[in-house]
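Worksheet for the structure shown next.
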Amino acid sequence: MNTGINSRYKAVAFVLFAVAALWLSGCTTGSHLERNFISNSPPPQRDGSVLVVPFQNLTVHPKAGVAVAKIVATELYKEGLFSVQESPLLNAAQPVGNHSTDEPVAMARAAGADAVLIGSVTEYGYRYGFRKQPVVGISVRLIRTDGAVLWAASASEVGSAYLGRDSMTEAAQRVVMRLVQELSQQMMEGKQ
């Protein structure tokens, strides 16, 4: 009789363990991927001025390009890498259209900036499964006003769904933070 009770407890414990494992597998802690390039000649200058323009929006979120560009500008201000200028288009009432590389470079020249930071938002939304997870993907390029690409990077992140406490903005801020920190590190290595 004692053996039957132990078998039941083992079976119940196994079922509870299996349910907990399935539940936790739906509560991911997030993941990210990024790629970077920095030009060897000449590297971006720390004291230069950079114009930040709205990013090209390749998502269904109507203002993803502006939102991510503002996050990038804020992170650049924080890091103190450049003298940052924000394009008036970042505060436009209407959604900003997509533009070619030539237009932002011309805008940077007109603003007296040394370079322009352009980009595209490839993902900006939620992935639905067991829990909703924020998903953000961006590509950025720092282009000197003569058209030379000084730095390029792309990164994406699937935010945490653990207890549903992560937002798209938090995921976007983490992606941007990593990219700007990587740029800062590469600039420091380039000066050595």
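Read-outs: derived from the displayed coordinates by stated rules, not from any lab. In this text, all values refer to a predicted model and were calculated from it rather than measured experimentally. A quick note on method: Cβ atoms are made from the backbone with ideal geometry, for glycine too, and the neighbour counts reach across all protein chains shown.
For this structure, a couple of remarks:
- Each of Phe82, Phe130 was scored by other Cβ atoms within 10 Å of its Cβ. Arranged with the fewest first, they read Phe130, Phe82.
- One chain, two ends: Glu189 and Glu170. Fully extended at 0.36 nm per residue, the span grows by 4.0 nm beyond their Cα-Cα distance.
- Between His61 and Tyr128, the distance separating the two model label sites (each 7 Å from Cα on the Cα→Cβ line) works out to 1.7 nm.
- Contour excess over end-to-end distance, with Cα ends at Arg109 and Ala152 and 0.36 nm allotted per residue: 13.5 nm
- Label-point separation in nm, Thr101 to Ser49, each point 7 Å along Cα→Cβ: 2.4
- Ignoring aspartates and glutamates fewer than eight residues from Lys78 along the same chain, the ones with Cα atoms less than 16 angstrom from its Cα are Asp47, Glu86, Glu182.
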